[in-house]
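These notes are about the structure you will find just below.
The values are calculated or read from the model by the stated rules, or taken from the named source; none is laboratory data. The structure displayed is predicted, hence computed values, not measured ones. Virtual Cβ from ideal backbone geometry, glycine too; neighbours counted across all protein chains shown. Surface accessibility is based on the protein's heavy atoms, side chains included, excluding ligands, DNA and RNA. Shrake-Rupley method; radii C 1.70, N 1.55, O 1.52, S 1.80 Å.
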Amino acid sequence: QVQLVESGGGLVQAGGSLRLSCAASGHTFGWYAMGWFRQPAGKEREFVAACTWSGGSTHFADSVKGRFTISRASAENAVYLQMNSLKPEDTAVYYCAADLNWNAILTMRLVNYWGQGTQVTVSS
């Protein structure tokens, strides 16, 4: 059974930083892609960032480019989302996801595994 557990969310003032962590457990051999998504209250879930398990390729939503970075620690089966220069519009529940298919992560279609989410609130 694969499990993804996010942590690191919280309340931060605009301009501040947070680092989200996603710990993967279970059968993780051969993971291809990991992604971060977010869902603001009352809105649809949206793509934030993704990386291949090797870390060789990354992709970001335009809204977070230059402010967010994604990284992974293979030995720890973990993926991180460093969020800097946070804005109130970044407020959302942030989800970690994993799939063997890179395009599934990028398009958010038929993604196999999701975490339970962690709340990020940015005050103005």
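Rolling a 1.4 Å probe across all protein chains gives S54 an accessible area of roughly 80 Å².
Nearest 500 deg cm²/dmol is fine: what mean residue ellipticity at 222 nm does the chain get from its DSSP H runs of n ≥ 4 alone, each adding -39,500 (n - 2.57), divided by its residue count?
Numbers: 1 runs with 6 residues, N = 124.
Only helices count here, giving -1000 deg cm²/dmol.
In order along the range 55-61, the phi-based Karplus estimate (6.51 cos²θ - 1.76 cosθ + 1.60, θ = phi - 60°) of 3J(HN,Hα) comes to x, x, 10, 9, 8, 10, 5 Hz; Gly and Pro are listed as x. Neighbours of G16 by Cβ distance under 13 Å: Lys/Arg scored +1, Asp/Glu scored -1, total +2.
Accessible surface comparison of W114, W36, W53, probe 1.4 Å, protein chains only, largest first: the order is W114, W53, W36. Within the chain, C51 have no other Cys Cβ under 4.7 Å of their Cβ and so lack a disulfide-compatible partner by this rule. Among the protein heavy atoms, those of V93 account for about 40 Å² of accessible surface (1.4 Å probe, every chain in place).
For R72, the residues whose modelled amide H falls within less than 5 Å of its own, excluding neighbours fewer than 5 places apart on the same chain, are Y80.
Here the 3J(HN,Hα) profile of the range 111-124, calculated from phi with Karplus coefficients 6.51, -1.76 and 1.60 at θ = phi - 60°, is 6, 6, 10, 10, x, 8, x, 9, 7, 10, 10, 10, 8, 8 Hz, Gly and Pro shown as x. Using the empirical formula 2.2 N^0.38 Å as the baseline, the Cα radius of gyration of the chain reaches a ratio of 0.97.
State the percentage of accessible surface on the chain attributable to carbon and sulfur atoms; use a 1.4 Å probe and exclude ligands, DNA and RNA. Summing carbon and sulfur atoms, their accessible area is 48 percent of the total for the chain.
What is the antiparallel percent of DSSP beta bridges lying wholly in the chain, to the nearest 5?
Details: 38 of 42 bridges.
Bridges in the chain are about 90 percent antiparallel.
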